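Report on the structure given below.
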Amino acid sequence: MSLKSPLGRVLGLGSAKEGAAHWWSTRLAAVALVPLLVWLVLALLMAPSLDYAGLHAFVRAPLNALGLVLLLPVAAYHSLLGVREVVEDYVHAKGTKVLVLVLLDFAHVGAAVAGLYAVLRVSFGGSP
Amino acid sequence: MSDASRPLSPHLQVYRFTYTMATSIFHRATGLALAAGFLGLVATLIALADGPQAYAVAYELLKGVVGKLALIGLLTAFWYHTFAGLRHLAFDAGYGLDKRAARRSATWLFAATALAALLSAYCLLAGGARP
């Protein structure tokens with residue numbers, strides 16, 4: 001038995017049974033980011049040098065490249081969820097809101113893909 | 001469905017400011033700062049992939065006073081957002097929700113952030129040539 005009203009069902013209102021999955025994936029992304037970002041921050045803070053040769057060598061190391069390839073999409077997803085929530089809370093004009101949300105989607109996918117491409121270029125591009 | 005004449009729920013200025021309220025506001029503010037920091041990380045990686053000339057621009061920027069201050073700010077925001085995020089995961093699991101426990105964990109949150117931020121700033125500045 002469904003508790004949705006016939007009108008609500010026709011209008012597509014209420015849960016589409018995806019709320020729990022969305023809630024869970026946001027938490028999983030947050031949990032995954034803890035080790036990934038703590039690793040990146042500590043590794044960079046303790047790196048002997050972050051000049052071109054130093055950072056290039058860091059990103060080229062296979063395990064570091066793997067960590068970055070894991071980190072970038074998850075961080076983009078988590079960041080997108082966060083800024084979307086702020087826009088949804090504070091931008092009330094419908095047209096502006098949709099426009100800003102779509103731009104944020106594009107920006108985050110763009111940033112994640114550009115970041116991944118940069119890491120791969122460094123990984124496969126040979127030594128400087 | 002939405003139009004300007006509909007009633008709005010009471011907004012920020014209606015409520016008395018509380019200690020735990022600050023933790024939530026900071027979580028959001030640091031999250032926004034870190035979203036910008038994420039773009040900075042991607043920009044740095046692109047510059048790195050582009051070659052020594054492009055990366056030199058990013059490196060000089062990060063090595064300067066403004067860059068260092070921005071990095072210290074981002075590191076502080078990172079530690080705060082991480083610790084506060086873990087606190088929120090505990091809330092999600094049903095722990096620490098009563099008033100006393102929430103205040104106590106808020107105190108630990110600020111203390112842990114201060115310590116981690118100071119250590120990070122020390123590592124950053126002690127590196128000499130490091131940005």
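Counting only helical runs of four or more DSSP H residues, what would the 222 nm mean residue ellipticity of chain A come to if each run contributes -39,500 (n - 2.57) and the total is spread over all its residues? Mind showing how you got there, number by number?
On the way: 5 runs with 102 residues, N = 128.
Result for chain A, helices only: -27500 deg cm²/dmol.
With charges set only on the Cβ (+1 for Lys and Arg, -1 for Asp and Glu), what does the dipole of chain B come to about its Cα centre, in debye to the nearest 20?
Details: 11 positive and 5 negative charges, 112 e Å.
It works out to roughly 540 debye.
First check a/c for the range B:1-53, with a ≥ b ≥ c the square roots of the eigenvalues of its C-alpha gyration tensor; if it is under 1.5, answer rounded, and if not, answer prolate when a/b is larger than b/c or oblate otherwise.
Working: a/c = 6.95, a/b = 2.12, b/c = 3.29.
In terms of gyration-tensor shape, oblate.
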> When each pair of different Cα atoms in the protein assembly as shown is counted once in the 1/r mean, what is the Kirkwood radius in angstroms, to one decimal?
Replying inline: 20.8 Å
>> What FRET efficiency comes out for residue A:23 versus residue B:28 if R0 is 25 angstrom and r is the Cβ-Cβ distance? Round to the nearest 0.05.
In response: 0.85
> Karplus couplings for the range B:42-49 from phi (6.51 cos²θ - 1.76 cosθ + 1.60, θ = phi - 60°), rounded to Hz, Gly and Pro as x?
Replying inline: 4, 4, 5, 5, 5, 4, 4, 5
> What aspartates and glutamates could a cross-link reach from residue A:97, if we take a straight Cα to Cα line under 20 Å and drop same-chain neighbours fewer than 8 places away?
Replying inline: A:85, A:88, A:89, A:105, B:3
>> With +1 on the Cβ of every Lys and Arg and -1 on the Cβ of every Asp and Glu, and nothing else charged, how large is the dipole of the protein assembly as shown about its Cα centre, in debye rounded to the nearest 20?
In response: 660 debye
> Which Cα, out of A:45, A:26, A:10, lies furthest along the positive dipole direction of chain A (beta carbon charges, K/R +1, D/E -1)?
Replying inline: A:10
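Could you compute the net charge surrounding residue A:69? Neighbours are other residues with a C-beta less than 14 Å from the C-beta of residue A:69; K and R count +1, D and E count -1. Working shown, then result.
Details: positive: A:60, A:121; negative: none.
In short, +2.
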> residue A:4: which aspartates and glutamates have alpha carbons under 17 Å from its alpha carbon, excluding same-chain residues fewer than 8 sequence positions away?
Replying inline: A:18
> Using helices alone, what [θ] at 222 nm do you get for chain B, with -39,500 (n - 2.57) per DSSP H run of 4 or more residues, divided over all residues and rounded to the nearest 500?
Replying inline: -27000 deg cm²/dmol
> Taking N as the number of residues in the range B:18-126, what value does Rg over Cα atoms divided by 2.2 N^0.38 Å take?
Replying inline: 1.29
>> Restricting the calculation to Cα positions, tell me the Rg (one decimal) and the Dmax (whole number) of the range A:6-124 in Å.
In response: 18.8, 65
> Between B:17, B:78, B:26, which gets the highest mean-square fluctuation from a Gaussian network model of chain B, Cα cutoff 10 Å?
Replying inline: B:17
>> Could you give each residue of the range B:58-67 its phi-based ³J(HN,Hα) in whole Hz, using Karplus coefficients 6.51, -1.76, 1.60 with θ = phi - 60°, and x for Gly or Pro?
In response: 4, 5, 4, 4, 6, 7, x, 4, 4, x
>> Counting only other residues whose beta carbon sits under 9 Å from that of residue B:20, what net charge do I get with K and R as +1, D and E as -1?
In response: +2
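Assign unit charges at the C-beta atoms only (+1 for Lys and Arg, -1 for Asp and Glu), then state the dipole size of the range A:6-124 relative to its Cα centre in Debye, rounded to the nearest 20.
Here the size comes out at about 240 debye.
Read-outs: derived from the displayed coordinates by stated rules, not from any lab. Only a predicted model underlies this, so the values are computations on that prediction, with no experimental measurement involved. Using ideal geometry, Cβ is built from the backbone for each residue, glycine included, and neighbour counts are taken over all protein chains shown.
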